[in-house]
Structure formats: C-alpha cells, structure tokens
Amino acid sequence: MAATLRESNGAPGVVGVVGRSGSGKTSLLECLIPALGERGLAVAAVKHTSHGFLADRPGKDSYRLYESGAEAVALISHEQIATFTRRESERDAGPRLAAALAALPQSLDLVLVEGFSWEAIPRLVLVPESELALPHHLEHGEVLRIVHVPRAPAEEKPTFPRDLVDSLADALTHFARQRRRTRTCKPVPSPRPVSMRSSIRTEPRGVRLWPSR
C-alpha cells in the first residue's frame with residue numbers, strides 16, 4: 001500500500017482535527033498517527049499555536065546563529081533535520097496553513113492538522129459528550145465526522161476506544177488513497193453517500209459520515 005501511494009507523486013491529503021481547547025485533539029492524533037503508520041502511510045502533523053513558541057534552546061550554537069540575524073538556520077543530524085525560518089507577522093490574518101504545508105517533505109501520504117479551524121480543509125470535529133459543536137468548526141470545511149468525546153476525570157486527558165481509532169484510521173487511509181488517485185488520474189465518480197445512522201440524525205446538514213467498522 002505504501003509504495004502504491006508514494007509512487008503516484010500526488011499531493012498528500014490534508015485533514016484537520018478541530019475542537020475546543022482540551023477536547024482531546026492532540027490525544028486523538030497520538031492514537032491516529034501510529035495506527036496510520038501500521039497501515040503503511042507516511043503521516044505528518046501540523047499544529048497551530050496561538051502564543052508563539054521557542055523551538056530552540058538559548059545558548060546552543062543554532063540559537064546563537066539565529067539570534068545573530070540569519071534569515072534561516074538548518075540543524076541536521078543522522079536522524080533528524082530542523083529548519084528555523086523567520087516569517088513576517090500575520091497577526092491580523094492568522095498563520096497560514098499553506099506556509100506550514102510547503103515546509104513539509106513531498107513524500108507524505110497524509111497531513112493531519114490540529115487547529116486551523118478557519119481553513120477550508122476537510123475535518124474531524126471533536127465535541128465533548130453532551131455538548132454541541134461550535135458553529136465555526138462546522139462552517140469552513142467539509143465535516144468528515146463528528147467525534148463525540150467521553151468526558152475524562154479532572155486533570156486527565158481524554159481517551160479514545162481502539163475501535164474508534166481503527167475506524168478513523170481505516171477511513172483516513174481510504175481518504176489518502178483516493179486523494180492520490182484523483183490528483184494523478186482522471187476524475188472518478190464520487191462514492192454513493194453513506195446514510196446517517198439513526199442515533200446521529202440530528203447532526204448538521206452537509207456532514208458526511210464515514211462508515212464505521
């Protein structure tokens with residue numbers, strides 16, 4: 001599977017994971033990334049941060065070079081490479097996802113994006129149990145699935161059942177494969193819509209529900 005996807009040289013699929021702060025976005029990605037790896041996919045993650053970040057350590061040579069005014073600094077070892085690049089402030093518009101995607105390797109099958117709810121990308125919407133999704137999480141991109149997250153005890157991170165993770169991983173694998181094919185081949189007919197299950201008929205119109213396992 002992995003060779004078939006990567007040899008096609010199409011752009012990777014991009015899927016967002018959006019939800020309230022503390023809804024379990026990072027915890028879900030921690031489960032999905034290894035599950036997708038088991039299915040042969042090369043996966044990257046992009047995370048939006050509202051408060052800025054310090055990726056290097058003060059006093060290290062790479063930090064000193066960057067602070068000296070270098071427009072970019074690359075740090076490389078046998079196992080990793082990191083690039084620190086200066087960017088113009090985008091406080092009014094917010095960080096642009098395209099800039100992050102352009103910095104990623106070209107050999108990926110799928111990019112999972114945490115946050116960036118304003119971008120027009122397909123998404124999983126995480127909603128705490130007994131609550132409703134925030135309207136702006138539903139408005140800017142196709143909703144692939146609304147994931148209802150069981151409430152976790154205080155000070156604990158949300159957990160996700162293995163069958164749910166497997167269901168989402170299977171669907172994302174299919175999504176990545178279809179994305180590759182439609183980028184490199186002639187368009188194929190859309191699959192027949194999946195009917196909503198009776199227990200979730202109250203979801204907003206336009207929500208496309210992937211079949212469960």
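The values are calculated or read from the model by the stated rules, or taken from the named source; none is laboratory data. Keep in mind that this is a model prediction, so the values were computed, not measured. Glycine gets a Cβ as well: all are built from the backbone with ideal geometry, and neighbour counts include every protein chain shown.
For the range 167-186, filtered to residues that are at pLDDT 80 or above and out of contact with any helix residue (DSSP H, G or I) (no Cβ under 8 Å at 6 or more places or on another chain), the residue that is farthest from VAL14 (Cα to Cα) is SER167. If the condition is being within 13 Å of ARG162 (Cα to Cα) and touching a helix residue (DSSP H, G or I) at 6+ places or on another chain (Cβ under 6 Å), then the range 17-31 contributes only CYS31. Within the range 52-70, no residue that is assigned to a loop (DSSP other than H, G, I, E, B) and charged (D, E, K, R) sits with its Cβ atom under 7 Å from a residue that is modelled with pLDDT under 75 and surrounded by fewer than 11 Cβ atoms within 10 Å (Cβ to Cβ) at 6+ positions apart or across chains. Here LEU126, LEU104, LEU110 are screened, and the one residue that is surrounded by fewer than 19 Cβ atoms within 10 Å (Cβ to Cβ) and assigned by TED's automatic domain parsing to the domain that holds VAL14 is LEU104. For the range 114-141, which residues satisfy the criterion of being assigned to a helix (DSSP H, G or I) and free of Cβ contacts under 8 Å to residues at least 12 places away in the same chain? PRO135, GLU139 - these are the residues of the range 114-141 that are assigned to a helix (DSSP H, G or I) and free of Cβ contacts under 8 Å to residues at least 12 places away in the same chain.
Within the range 1-43, the set of residues being part of a helix (DSSP H, G or I), at pLDDT 85 or above, surrounded by 17 or more Cβ atoms within 10 Å (Cβ to Cβ) and more than 13 Å from the chain's Cα centre (by Cα) comprises ALA35 only.
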